[in-house]
Amino acid sequence: MRSEHANLVGPLVVSAKDLPSVVALVTPSLYPDGLDLSVVVPDPEAIVPVVSHTSVGLLNLMAIEVKLDPKRSLPEQVRVAAEKRPSGVAVYVEAPRPGHAEWPATAQAIARHGARFKFRTGGTEASAFPADLEVATWIQTAVALDVPFKCTAGLHNAIRHTGGSTGFEHHGYLNILLATLRASRGAKLEDLVDVVAQRDPGAIAGEVKAAFPPDLLAARERFVSYGSCSIMEPLGDLADLGLLA
């Protein structure tokens, strides 16, 4: 990317079924250094075909995001995904919600096999948005296991809010960052829930400004990224909160 905001953007996230279309669009004139991709696969068995498809041309495979089949053992699928992981490529596993019977075992498997967490924080229905306690539990577990994580869907803005057109409860990416920071300091679960639920922009911005920079950097090493369809909307929020130089 040649935009002045290029350093804010990570790999393009695409589904495995859309790879042929992406290949046709990536030309040397547009992407002389290739296009960095993170590919979403429907199950661990789809990893090998994706690796093969991206091994030629101008596609740079940076990460694979694995969905798990709820009808099969989740920890076993994590093991298979880790075995099929190509060298130098991060593997994110979409974690079940903390209330799921296999959540603890799946979390342990993700840590044991060197994968990363992917937390689904929204979607097209209200039920796709996890509760504050669920998000806080995810974060606390990821920090305790020292496993980096990314979030996907619903994090369009910096601060927790209610969607104007849908009424859905959207989490804020700064709320999640601060919950990660607090978890890194050993905060209790209820403290993480409080900051995940915080809707006061002044309170969130104030805590970010007051944070010790190395602590923020350590939190960012755990909360590594989130998926967004927009660059300017998240950036505009930071500007409005007075958090940009």
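The values are calculated or read from the model by the stated rules, or taken from the named source; none is laboratory data. Keep in mind that what you see is a predicted model, and the values were worked out from it rather than measured. Because the Cβ atoms are built from the backbone with ideal geometry, glycine has one as well, and the counts that use them run over all protein chains shown. Heads up: the accessible areas ignore ligands, DNA and RNA and are worked out on the full protein's heavy atoms, side chains in. Shrake-Rupley method; radii C 1.70, N 1.55, O 1.52, S 1.80 Å.
Expressed as a whole percent, the accessible surface of the chain that belongs to carbon and sulfur atoms is 56, based on a 1.4 Å probe.
Would you calculate a helix-derived [θ] at 222 nm for the chain, using -39,500 (n - 2.57) for each DSSP H run of n ≥ 4 and dividing by the full residue count, to the nearest 500?
Numbers: 10 runs with 99 residues, N = 245.
So the helix-based figure for the chain works out to -12000 deg cm²/dmol.
Excluding ligands, DNA and RNA, the accessible surface per residue across the range 1-98 is 55 Å² with a 1.4 Å probe.
Considering the range 1-87, its Cα convex hull presents a mean projected area of 6.4 nm².
If exposed means no more than 10 neighbouring beta carbons inside 10 Å and the site is in a DSSP loop, what's the longest run of the chain without any exposed trypsin sites (Lys or Arg not before Pro)? Walk me through the numbers before you get to the answer.
Working: sites that count: Arg2, Lys71.
Counting at most 10 other Cβ atoms within 10 Å as exposed, the longest clean stretch of the chain is 72-245.
May I ask you to work out the translational diffusion coefficient for the chain at 4 °C, viscosity 1.567 mPa s, via Stokes-Einstein with Rh from the Kirkwood sum over Cα pairs, reported in whole µm²/s? Intermediate results must be reported in sequence, preceding the final value.
Values: Rh = 18.9 Å.
Approximately 69 µm²/s, per Stokes-Einstein.
Reachable lysines from Lys118, Cα under 21 Å, same-chain residues fewer than 8 places away excluded? Counting by Cα, and skipping residues close in sequence, Lys118 has these lysines nearby: Lys17, Lys67, Lys71, Lys84, Lys150.
Values of log10 I(q)/I(0) for the range 136-213 across q = 0.17, 0.19 Å⁻¹ run -0.64, -0.80, by the Debye formula with one identical scatterer at each alpha carbon and no solvent.
Centre-to-centre separation between the Cα atoms of the range 111-135 and those of the range 50-81: 18 Å. Between Asn7, Leu155, Ala82, the Cα set farthest toward the positive side of the dipole of the chain (charges on each charged residue's Cβ, about the Cα centre) is that of Ala82.
Backbone phi angles across the range 186-200, fed through the Karplus curve with coefficients 6.51, -1.76 and 1.60 (θ = phi - 60°), yield HN-Hα couplings of x, 5, 6, 4, 5, 5, 5, 4, 4, 6, 4, 8, 5, 10, 7 Hz in residue order; Gly and Pro are listed as x. Taking Ile110, Ile231, Ile204 in turn, the Gaussian network model of the chain (Cα-Cα springs below 10 Å) assigns the largest fluctuation to Ile231.
With both residues required to sit in the chain, DSSP beta bridges show an antiparallel share near 5%.
Largest GNM mean-square fluctuation across Asn157, Asn60, Asn175, computed for the chain with C-alpha springs under 10 Å, falls on Asn60.
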